[in-house]
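This report refers to the structure that appears directly beneath it.
The values are calculated or read from the model by the stated rules, or taken from the named source; none is laboratory data. If you're wondering where the values come from, they're calculated on a predicted model, not measured in any experiment. Glycine also receives a Cβ, built like all others from the backbone with ideal geometry; neighbour counts cover every protein chain displayed. Side chains are part of the model used for accessible areas, which takes the heavy atoms of the whole protein and leaves out ligands, DNA and RNA. Shrake-Rupley method; radii C 1.70, N 1.55, O 1.52, S 1.80 Å.
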Amino acid sequence: MSRPWGQGLLILAMVAATFLAGWWGVALVAAAWGWRGRARDAALAAFVAWAALLAWTASAGALLPFAARLGGIFSLPRWAMVAVTPLFAALLAWGAAALLESRKKG
Amino acid sequence: MKPLRLVAAFAVLLLFAGGSVRRLGPLPRLGPFLDPVSGAWGLVRAARYPATASVDLPGLAGPVQVLVDDRGVPHIFASTELDAYRVQGWITARERLFQLELTTRATSGTLAELLGPQLLEADREVRGLALARAADRKFARLDTSSIGYRAIVAYAEGVNAWIDALKPGDLPLEYRLLGRKPTRWEPRHSLYLFAQMGRTLALPDPAEPHLAVQALVGAAAADALVPVNSPVQQPIQPNGSVAPRYALTPLPPPGLPDSAAALVLSQGLKVSRSRPDDGDDEVVVGSNNWAVAPARTKAGHALLAGDPHLQLTLPSIWYEAHLVVAGELDVAGVTLPGSPGVVIGFNRDVAWTFTNTGGDVLDVYRETVDNPEHPTQHLVDSTWRPLELREEIYRDPAGRVLAIDTMRFTHRGPMRKTASGWVSFRWTVLEPSHETDLFLHAARATTADEWLEIMRAYVAPTQNGLVSDRRGSIGIRSAGWYPIRPGDGRGDRVFDGSTSTSDWTGMLPVERYPFALRPAQGFLVSANQQPVDPAHNAAYLGADWPSPWRAVRINALLAADSAMTPDAMARMHTDPGSARVETFLPWFIRAAHSETAAGRGGPALERTLKLLEEWDGRYTPDNQRAILFELAMRELPRRLWDELIPEGEQQPIYRSSTSTLLALADSASPWWDDRRTADTRENRDAILSASMAAALDSAMTGYGEPDAGGWRWGRVWPTDIWHLLPLPSLSALAVEVQGGPETIAPAGRHGRAGASWRMVVELGEEVRAWGTYPGGQSGNPASPWYANRIPQWASGQLDTLLLPRTAGDLAKERTRSTMTFAPKANR
């Protein structure tokens, strides 16, 4: 399978896993990917997946005003509050995938 | 590189996965919080009502249709009353779940279990009032066949149905931040709300300020400064004069300190908040209501307006709703989240609203006990009586015990240990009552007479219930229990608990409550003022009444307009004029002229005089002179009432504008002499002028030059509407408002209280109504209905309330959601 298709499937898997199991799903998919693929691909897929899900959420309502309120609680500007979400997923995925990738490379 | 990469991966995973399983410090669990589907972001989706939806709800007798309009108001169409309340509970839980729990815990004294050990003392304070215990007892006594009981149970079932079906994305933000899940709602919790309202509205005991003043300046002065009867009479029950009646008797000079009073004060309850006063920034709790009979309205229909002044929060203390059961019930207005029915509102025939009477309904008793450290008995009429003991356990969020207290009760009520012994108190808020039944029955009234008749049985807190009907009647009664006390009947003292002769001998008969129906003057007004002119009815109802200025202003506006319209009624809500200014400003100006003419002025005084003379006396947001007057009004008490400033303090322990008025009437009163200036004997004009000059200095220091923009009233005197937790980013802070101390829309500087609901109702052939409150229908910060009404409220605008008779009557373009609730078999 070509890399773009593989990456695309990985993103879809991250999206589905999020629906099914939340953040756990991201970690599990990333760990599974780590057996075969690169951790950076898992991180990228998680980032895109959660960014896409945020965009999907934004289609349902006023995400940015809410982001401002939410960010204010943590002393973050709203753009940072939005950015930290897919960033969290990316770092989580990278950590899970990299752990398995490192073990695989032995 | 490999080991480094492995370590890095492990560290990252530990941080993010670990931080998702357990909280990292104050942060919520990261993964569950940031999850874009079911985390906090899910609230964006949860905020949206589906265009159509079907909901299975256990316990329904038949289908219920709910139309949510574009103001976020649910119109509930049910086939039975209980079904309406059941769905009301469900939809209130959908929008205000955290608020329901917080209010319950604030009453039961279990905030520490939710928010942490820092709330322990707050919990102890409220458990010491025994509100939840009283509410639980009331609930246990309810007639289970009564509509009140069944409605409370149905409502609770609706709330719990929402909780049971809660999806992860629906969990309110506050629970996510706290790492908690909602607790189930119990029917008795509905009664906690009224108990909490009692605490808000009926806690101050006038005995405390009276004793505090007496301790410093003696009994005669205390009687004059903290009087039973207000020196400015603008009573709720019309006294034959629309203009206020002034009874400005000369103030007795300050007397010697009274150590006995000081001792008694130390034995007092010490839970009273400072009474709302025009000098108090923070507390603007009270209310207005007024009604106009058809003969004085342009359209020939009765008009009613009301605005309860309470703590302003996000979400609001109120939730708007409309309940319809064809042929039985059709009521709209505001509800208290947690309680079935409508509290302030209207049906097709009758409109009603309330203000706080502020009657004296709490008395404190010095108790003689067997053991000062751990009493088990108290002495009454030379006989030892056992105390009721109750263990109170306080826990933290993890369930660990924080403290264990023993509450004690006499036959009068809860006890409290003070600096010099034990006291107990009796409080009508703790007496058996059945408010829910009353409100539910009253919502079906078809005439003002009928509504007033139903509300005769109301107990606590004492409320001025104003009503109007489609036939054109207007009426008001200051309802609630007023204790009959021994001796002179006054309650502004601490009683000797060792004798039963101190106990209440009964309650005032309803026939003696302040009351008016179809008054000759054609309008009625209540704004927390003394309800009845003592010249007409000397029954003791209370003392130390709030200032009359709002009542004076509203009466003046109504008297001046014999063709009232709903628009004019609505504008009155945020009228920027002030009877307080009209009363006090001329004194300042005359004093300044007098001092200046006598060569005792000076540049500061002259400038202040010029600035104040430029002022139009109105509290509009763009006004740049009102702040100067307010600062002068704040400087004045520190100079006038220096005898009331205890050693080491900066402010007098008591100050009221009506007492100041008494002093103003006597330029040579010894009160004007500031004892701190040993070489000088001041008089009235000197003190007023000094206050003005000091005000200018304060204004310039704080806000710069007068016309540079810094004095702008909206900027220097905003209102803060705090989130329940309170988190600044979820709050609406520094909201510019029209109004100031003791205007019809009272406002404190960064005050947290104000008009929590504004309503105007016209009862014509078809009822028309307008209203708003500072907040939004939803408690979800992601909802467009979270704080959307605040700009409208701040600008004094009202929405037209929609009142469809049937579901089909609500216009499609005004309908945001249609939900059908169907019975579901209990599993």
The size of the Cβ-based charge dipole (Lys, Arg +1; Asp, Glu -1) of the stretch B:82-204 about the Cα centre, to the nearest 20 debye, is 160 debye
In order over the stretch B:227-236: 3J(HN,Hα) from phi, Karplus 6.51/-1.76/1.60, θ = phi - 60°, whole Hz, x for each Gly or Pro, gives x, 5, 10, 5, x, 10, 9, 9, x, 5
Taking placed amide H atoms and a strict 5 Å upper bound, the residues 5 or more places from B:LEU733 or on another chain that come that close are B:ILE721
Computed on Cα atoms, Rg of the protein assembly as shown relative to 2.2 N^0.38 Å comes out at 1.04
Computed ³J(HN,Hα) along the stretch B:65-78: with the Karplus parameters 6.51/-1.76/1.60, θ = phi - 60°, integer Hz and x for glycine or proline, the list is 10, 10, 10, 9, 7, 6, 9, x, 8, x, 9, 9, 10, 10
Quotient of Cα radius of gyration and Kirkwood radius for the stretch B:58-166, i.e. Rg/Rh, equals 1.05
Taking every residue of A:46-57, the Cβ atoms of other protein chains inside 10 Å of its Cβ average out to 3
TM-like helix rule applied to chain B (DSSP H, alpha carbon span at least 20 Å on the long axis, mean Kyte-Doolittle at least -0.5) gives B:2-21, B:81-108, B:147-164, B:579-597, B:626-640, B:684-703
Once both label points are put 7 Å beyond Cα along the C-beta direction, the B:ARG518-B:HIS411 separation in nm becomes 4.6 nm
In whole percents, the bins of 10 Å from zero upward hold the Cα-Cα pairs of the stretch B:677-827 as 8, 24, 25, 20, 11, 7, 3, 2, 0
With only helices counted (DSSP H, runs n ≥ 4, each -39500 (n - 2.57)), the per-residue ellipticity at 222 nm for chain B, to the nearest 500, works out to -9500 deg cm²/dmol
Once both label points are put 7 Å beyond Cα along the C-beta direction, the B:ARG245-B:GLU121 separation in nm becomes 4.6 nm
Along the dipole axis of the protein assembly as shown (charges at Cβ: +1 for Lys and Arg, -1 for Asp and Glu; origin at the Cα centre), the most positive-end residue among B:GLN234, B:GLY31, B:LEU216 is B:GLY31
Here FRET efficiency (C-beta to C-beta, B:ARG400 to B:ARG590, R₀ 51 Å, nearest 0.05) is 0.20
Ranking B:ALA243, B:GLY148, B:VAL64 by how far each Cα lies towards the positive end of the charge dipole of the protein assembly as shown (+1 on Lys and Arg Cβ, -1 on Asp and Glu Cβ), the top one is B:VAL64
With +1 at each Lys and Arg Cβ and -1 at each Asp and Glu Cβ, the charge dipole magnitude of chain B around its Cα centre, to the nearest 20 debye, comes out at 2400 debye
The protein assembly as shown accessible area per residue, 1.4 Å probe, protein heavy atoms, integer Å², reads 37 Å²
Sorted on mean Cβ neighbours within 10 Å (highest first), peptides B:181-192, B:774-785 come out as B:774-785, B:181-192
Interface buried area B-A, accessible surface with 1.4 Å probe, both sides summed, nearest 100 Å², comes to 3400 Å²
In vacuo Debye sum over C-alpha of the stretch B:527-583, base-10 log of normalised intensity I(q)/I(0) at q = 0.25, 0.26 Å⁻¹, listed in q order, is -1.04, -1.07
If N is the residue count of chain B, its Cα Rg over 2.2 N^0.38 Å rounds to 0.99
Dividing the surface of the Cα convex hull of the stretch B:134-210 by four yields a projected area in nm² of 7.8 nm²
Amide H proximity to B:GLU320 below 5 Å, modelled H, separation 5+ or other chain, gives B:THR335
Cα-based Rg/(2.2 N^0.38 Å) for the stretch B:293-414, rounded to two decimals, is 1.78
With +1 at each Lys and Arg Cβ and -1 at each Asp and Glu Cβ, the charge dipole magnitude of the stretch B:297-401 around its Cα centre, to the nearest 20 debye, comes out at 380 debye
Across B:726-737, the residue-averaged tally of Cβ atoms belonging to other chains within 10 Å stands at 2
Heavy-atom accessible area of the protein assembly as shown with neighbours in place, 1.4 angstrom probe: carbon+sulfur share in percent works out to 56 percent
Taking Cα atoms, the helix A:23-36 axis meets the longest principal axis of chain A at an angle in degrees (rounded to 10) of 30 degrees
When the charge dipole of chain A is computed with +1 at the Cβ of Lys and Arg and -1 at the Cβ of Asp and Glu, the Cα pointing farthest to the positive end, of A:LEU76, A:ALA49, A:GLY95, is that of A:GLY95
The set of residues whose placed amide H lies less than 5 Å from the amide H of B:GLN377, leaving out same-chain residues fewer than 5 positions away, is B:ASP370, B:ASN371, B:LEU387
For chain A the translational diffusion coefficient, Stokes-Einstein from a Kirkwood Rh over Cα pairs at 20 °C and viscosity 1.002 mPa s, in µm²/s, is roughly 152 µm²/s
Taking r as the C-beta separation of B:THR376 and A:ALA80 and R0 as 45 Å, the FRET efficiency to the nearest 0.05 is 0.15
Expected sort for A:57-63, B:720-726 on mean C-beta neighbours within 10 Å, highest first, is B:720-726, A:57-63
Mean other chain Cβ within 10 Å across B:692-699 is 0
Rounded to one decimal in nm, the spacing of the 7 Å Cα→Cβ label points at B:ARG675 and B:ARG180 is 4.9 nm
The stretch B:761-787 scanned against label point 7 Å out from B:ALA734 along Cα→C-beta; backbone N under 20 Å for B:775, B:787
For the stretch B:497-504, Karplus-derived ³J(HN,Hα) couplings (6.51, -1.76, 1.60; θ = phi - 60°; whole Hz; x for glycine and proline) come out as x, 7, 10, 6, 5, 7, 6, 4
Length gained if B:ASP809 through B:ASP164 is fully extended, taking 0.36 nm per residue and subtracting the Cα-Cα distance, is 228.9 nm
